[in-house]
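Peer 1: This is the structure I have questions about; it appears just below.
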């Protein structure tokens, strides 16, 4: 923790959480905003459904690859320069998307968006731990998760409105404006939270040894899996939303907000409770509560889809409860992973984000297209992903000091 933290940000804690949440929201907002325009974009540029899926997969792959480096660069160059450079590149890439005339151009600029969008999310986690002791860091991380949860709820509504009343290009012009505004806000207010004495040498060999040290730590790898993989049990449904909601639940596009309202309410509720519990109950008990909720909900979801025809009256509730359990435990697991590498928190945050993003890309490009046409397959796959994270936590829990 930076000993000058109280000087670097003298204002209320929630204002810093809001700024960092906006950085973290940039990535998911730029995913969900253009999903309602998939069919329109395909028709406009003459793309097939598989080619349109590549605009999502290329974004997620770029997001995953560069996430491996954002945090490590911030350990060497400082938190602030990496954030400003990442947001600036995202803004330029958004202009490229808005001006794209072919599917190839759109795939390229979406990949560039993905490569840059993760800088804020990765570095913001390290900034939180730079600025706050453990219990306060959990509260701020929970506040960030609450604000972060707004983006996926609002993004499809905004994207759908722009697509209907303007065209798909306007969605990316909106992202351009948001990127520019966020850059200005961070240039004006974001402090440099990493002390010069704590910076790591910027050398390839040193970086590779740092990565190797983290990946050789079974405890760190297990915590990364415990925090990153269960999210895909919920993200699978987000990626499958056009099919899941229209074909299976027979909802009209303007009714899709019920799905996002349910899941985001779960995220915000779980994050709020996580912050309230910080310092009141042992972190391990809080993590256990989160996994118990996710496991029970996932099993119920499988049974319901096995016995009944899916109906909107009950099919969305398990997803909201799953999101609640995930948000309850993820701030604690994330901080536990960062604290295993206190001298390389940026790099540790990078590895966490990279593993989660690679899982997201795999789910988007391979898993979701295979299972989205069966609600039972969706439920079983979600259960499997949650089980991977829970298994990793059960293994690492007795090995943590």
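Coordinate-derived values only; no laboratory data. Treat the numbers as computed from the prediction; the structure is a model and nothing was measured. All Cβ positions, glycine included, derive from the backbone under ideal geometry; neighbour counts span all protein chains shown.
Peer 1: If you take just the helices (runs of 4 or more DSSP H) that sit entirely in region 327-401, which of them hold at least 2 residues that are on the phi > 0 side of the Ramachandran plot?
Peer 2: Fully inside region 327-401 and qualifying: nothing.
Peer 1: Quick check: is even one residue across region 193-204 under 18 Å from the mean Cα position of the chain (by Cα), buried (at least 21 other Cβ atoms within 10 Å of the Cβ), under 21 Å from residue 144 (Cβ atoms) and in contact (Cβ under 8 Å) with a residue 40 or more places away in the chain?
Peer 2: No, region 193-204 contains no residue that is under 18 Å from the mean Cα position of the chain (by Cα), buried (at least 21 other Cβ atoms within 10 Å of the Cβ), under 21 Å from residue 144 (Cβ atoms) and in contact (Cβ under 8 Å) with a residue 40 or more places away in the chain.
Peer 1: Restricting to region 46-63, name every residue that is surrounded by fewer than 17 Cβ atoms within 10 Å (Cβ to Cβ) and part of a loop (DSSP other than H, G, I, E, B).
Peer 2: 46, 48
Peer 1: While we're looking at this one, here's another question. Which number in (1) under 17 Å from the mean Cα position of the chain (by Cα); (2) closer than 26 Å to residue 11 by Cα; (3) crowded, with 20+ Cβ neighbours inside 10 Å marks the one condition that residue 116 misses?
Peer 2: Against the list (1) under 17 Å from the mean Cα position of the chain (by Cα); (2) closer than 26 Å to residue 11 by Cα; (3) crowded, with 20+ Cβ neighbours inside 10 Å, residue 116 comes up short only on (2).
Peer 1: Then there's this: Of the conditions (1) farther than 18 Å from residue 178 by Cα; (2) surrounded by fewer than 24 Cβ atoms within 10 Å (Cβ to Cβ); (3) within 15 Å of the chain's Cα centre (by Cα), residue 122 clears all except one; give me its number.
Peer 2: Residue 122 satisfies all of (1) farther than 18 Å from residue 178 by Cα; (2) surrounded by fewer than 24 Cβ atoms within 10 Å (Cβ to Cβ); (3) within 15 Å of the chain's Cα centre (by Cα) except (2).
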